[in-house]
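Here is the structure we will look at.
The values are calculated or read from the model by the stated rules, or taken from the named source; none is laboratory data. Not measured: the values here are computed from a predicted model. A quick note on method: Cβ atoms are made from the backbone with ideal geometry, for glycine too, and the neighbour counts reach across all protein chains shown. Areas reflect the complete protein model, heavy atoms only, side chains present, ligands, DNA and RNA absent. Shrake-Rupley method; radii C 1.70, N 1.55, O 1.52, S 1.80 Å.
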Amino acid sequence: MQLDFHQVDAFTDRPFAGNPAMVYRLDAWLADELMQRIAAEHNLSETAFLVQEAEGWRIRWFTPTAEVPLCGHATLASAHVLFEVFGEPGQSLELNSQSGPLRVFREEGRLALDFPAQPPSEVGSTVELEQALGLPVVDALNTPVHLLVLLESEQAVRSCSPDFAALSRMPYLGVIVTARGDDYDFVSRFFAPAIGLNEDPVTGAAHCSLIPYWSQRLNKLQMRAYQCSARGGELWCRLEGDRVRIAGHARLIASGRMVL
């Protein structure tokens, strides 16, 4: 069996930045175990699999160790592959997923994700959290699957060096640290050691909660954000009621074939 793949750097317009994702467009679903082993072989933060079913495109996402219910950058990467490699027509497409229908639009030279807003709710900090992050915490809030942590400054976000073993023991899929930005409306980083990702370079799904949170704090519907990982990535953000728009560039950097 031979399977073609395409690697895309998402949320950047240049190679070796943003968040790399591997994309497979399949004729039919593979066994879950095989898709998980393929994702582990690539060892990127996400590998996306696409199949065109009777009701339209369906997408699934795998980290090297687990399937996840929602992923932004690999959705952006998948849309880029469908549009640019396979010539998908039109200015938008819809992808069915575990998190419901997700739409992707061509918008001002970028691709924009239409995702569900997931406003966080107050939970409060703990001594264990501050010890795991190694920094004072201004506030901590729950999202459906992550913990959102407000730090005092962009510099605090950039210098955060967590105890990943301690973070992995917390009852969250991942931990988002964020602060108001110096040159952007807000900045963030995302740590998910519990699912095999010590740090994800650029995390679209985290912005489902970051956008409503910062929209309320800044009293703005449109914002520009930066995820300040080592690779880094820019996101153009907009709150639209109970949905969010998360836009960014994408760059195809490699194509190849897996032989099984």
Toward the positive end of the charge dipole of region 112-258, about the Cα centre and with charges on Cβ (Lys, Arg +1; Asp, Glu -1), which of 153, 239, 176 goes farthest? 239
Where 259, 187, 137 fall by accessible area, highest first, once all protein chains stay in place (1.4 Å): 259, 137, 187
Helical contribution to [θ] at 222 nm, DSSP H n ≥ 4, -39,500 (n - 2.57), averaged over the chain, rounded to 500: -5500 deg cm²/dmol
Diffusion coefficient, µm² s⁻¹, Stokes-Einstein with Kirkwood Rh over alpha-carbon pairs of region 19-67 at 4 °C and 1.567 mPa s: 120
From the C-alpha coordinates alone, can you work out the Kirkwood hydrodynamic radius of region 98-170, in Å? 14.6
When all alpha-carbon pairs of region 43-182 are counted, what percent fall beyond 24 Å? 45
Estimated dipole of region 166-209 in Debye, rounded to 20 [Cβ of Lys and Arg +1, of Asp and Glu -1, Cα centre]: 240
Starting from region 159-194, pick out the trypsin sites (Lys or Arg not before Pro) whose DSSP state is loop and whose Cβ has at most 14 other Cβ atoms within 10 Å. 169
Want the number for residue 165 to residue 28: 0.36 nm per residue separation, take away the alpha-carbon distance, what's left? 45.6 nm
Order the peptides 215-222, 43-50 from the highest to the lowest mean number of other Cβ atoms within 10 Å of their residues. 43-50, 215-222
Could you sort 139, 183 by accessible area so the largest value comes first, with the probe set to 1.4 Å? 183, 139
For a quick check of your reading of the filter: which GluC sites (Glu not before Pro) in region 137-229 sit in a DSSP loop and have no more than 16 other Cβ atoms within 10 Å? 152
Two-site FRET efficiency, residue 106 against residue 58, from Cβ-Cβ distance with R₀ of 22 Å, rounded to 0.05: 0.60
Please list, in chain and number order, the residues 5+ apart from residue 139 or on another chain whose amide H is under 5 Å from its amide H, with Hs placed from the backbone. 150
Which whole-number percentage describes the relative contact order of region 108-251, with Cα contacts under 8 Å and a sequence gap of 6 or more? 26
Taking N as the number of residues in region 68-112, what is its alpha-carbon radius of gyration divided by 2.2 N^0.38 Å? 1.10
Taking Cα pairs under 8 Å and at least six residues apart, what relative contact order does region 15-129 come out at, in percent? 20
Rounded to a whole number, what is D in µm²/s for region 152-226 from Stokes-Einstein with the Kirkwood radius over alpha-carbon pairs (20 °C, 1.002 mPa s)? 166
Any idea how far the Cα center of region 1-66 sits from the one of region 107-131, in Å? 23
Provide the descending list of Cα extents for the chain along its principal axes, expressed in whole angstroms. 51, 37, 32
